[in-house]
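Asker: Just passing along the structure, written as structure tokens.
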Amino acid sequence: MSPSSKHALVVGASSGIGLAMAKQMAPLVTKLTLCSRSCPPELISSVKEHNPNVEVVHERLDMSSPKQTAEGLDDKLATMYYARFMLVHDLLSTLNRPGVRVLCVLAAGQANIAPNLEDLALKNSYSMNGVAHATVLYLDLMMQAMSQHAPNATFMHIEPGFVNTNLNENTWWYIRLPMKLASFLLAESPDKNARGLMQAFTKEEYSYGWKLLNKRAEEVPKTKFHTDELKEIVWKHTLQIIDDVLK
């Protein structure tokens with residue numbers, strides 16, 4: 001991939017996988033826009049260490065929310081799915097070009113529970129397990145739908161595996177301490193993990209369409225839930241939710 005006039009946007013870039021991806025991306029582009037709630041003093045300089053010539057800018061973007069949003073949406077579903085959808089959808093008219101690649105990091109192809117079509121927002125059928133499966137499946141279907149609205153670009157959902165990040169720092173101590181030990185023994189570092197994820201941006205066979213990928217950027221099988229019918233149902237539902245939020 002030539003860095004000539006290429007611009008990358010990394011959301012969640014202040015730490016963990018996002019920061020590691022930004023560092024890996026720096027040599028491949030001429031401009032990097034980093035989005036996160038905060039901008040640590042060393043953030044931009046640490047990225048520019050990987051390419052002193054890259055232009056790096058930071059834009060504050062807070063995609064977090066209270067436990068439940070004002071619209072009654074679960075905060076995890078709102079942050080991990082609806083906010084991502086809205087960000088990509090707002091950029092959609094500019095993305096339909098060869099060479100454009102969009103990558104969402106969560107758990108591609110891992111949903112194995114049918115969604116509740118009568119309650120896609122899970123307002124009346126909430127469970128932690130339900131939110132987890134819904135978020136993963138909705139992101140898969142989002143990539144599928146976006147690729148049809150911008151067929152010249154590539155839309156990818158990737159599963160990073162077990163990565164040693166600060167994701168559990170704000171959990172209860174009896175969860176945080178065992179997870180710290182497990183991360184130390186079993187998890188990949190963000191830098192090592194990002195090198196695998198970056199292959200999604202460099203493989204020539206990923207030049208268009210939608211892909212579900214594992215942590216080494218290898219395609220994983222689609223499931224019985226990846227249908228045109230369900231894709232359209234979730235697409236219309238999401239647009240309605242966003243319209244309601246913006247009223």
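Asker: State yes or no: is Met80 among the aliphatic types (A, V, I, L, M) and surrounded by 13 or more Cβ atoms within 10 Å (Cβ to Cβ)?
Answerer: In short, yes.
Asker: Surrounded by fewer than 18 Cβ atoms within 10 Å (Cβ to Cβ), within 23 Å of Ala194 (Cβ to Cβ) and among the acidic types (Asp, Glu): is that true of Glu42 in this structure?
Answerer: yes
Asker: For Lys211, indicate whether it is in contact with a Ser or Thr (Cβ under 9 Å, 6 or more places away or on another chain) and either in contact (Cβ under 8 Å) with a residue 40 or more places away in the chain or among the β-branched types (Val, Ile, Thr) (or both).
Answerer: Yes.
Asker: Can you name the helices (runs of 4 or more DSSP H) wholly within segment 130-247 that have at least 3 residues being at pLDDT below 95?
Answerer: 173-186, 190-197, 228-246
Asker: I need a count of the residues in segment 4-52 that are of a type in the set (Ser, Thr, Tyr) and under 17 Å from the mean Cα position of the chain (by Cα).
Answerer: Residues flagged as of a type in the set (Ser, Thr, Tyr) and under 17 Å from the mean Cα position of the chain (by Cα) within segment 4-52 amount to 4.
Asker: I'd like to know if segment 98-115 contains one or more residues that are in contact with a Lys or Arg (Cβ under 9 Å, 6 or more places away or on another chain) and more than 26 Å from Leu212 (Cβ to Cβ).
Answerer: Within segment 98-115 (the criterion being in contact with a Lys or Arg (Cβ under 9 Å, 6 or more places away or on another chain) and more than 26 Å from Leu212 (Cβ to Cβ)), the answer is no, since none of the residues qualifies.
Asker: Leu117: modelled with pLDDT of 95 or more, surrounded by fewer than 13 Cβ atoms within 10 Å (Cβ to Cβ), within 22 Å of Phe85 (Cα to Cα) and of a type outside the set (Lys, Arg), yes or no?
Answerer: So Leu117 fits the description; yes.
Asker: If you don't mind, another one. Give segment 72-125 a look and list any residue that's polar (S, T, N, Q), within 27 Å of Asn152 (Cβ to Cβ) and touching an Asp or Glu at 6+ places or on another chain (Cβ under 9 Å), or say none.
Answerer: Those that are polar (S, T, N, Q), within 27 Å of Asn152 (Cβ to Cβ) and touching an Asp or Glu at 6+ places or on another chain (Cβ under 9 Å): none in segment 72-125.
The values are calculated or read from the model by the stated rules, or taken from the named source; none is laboratory data. If you're wondering where the values come from, they're calculated on a predicted model, not measured in any experiment. Cβ: placed from backbone, ideal geometry, glycine included. Neighbour counts: every protein chain shown.
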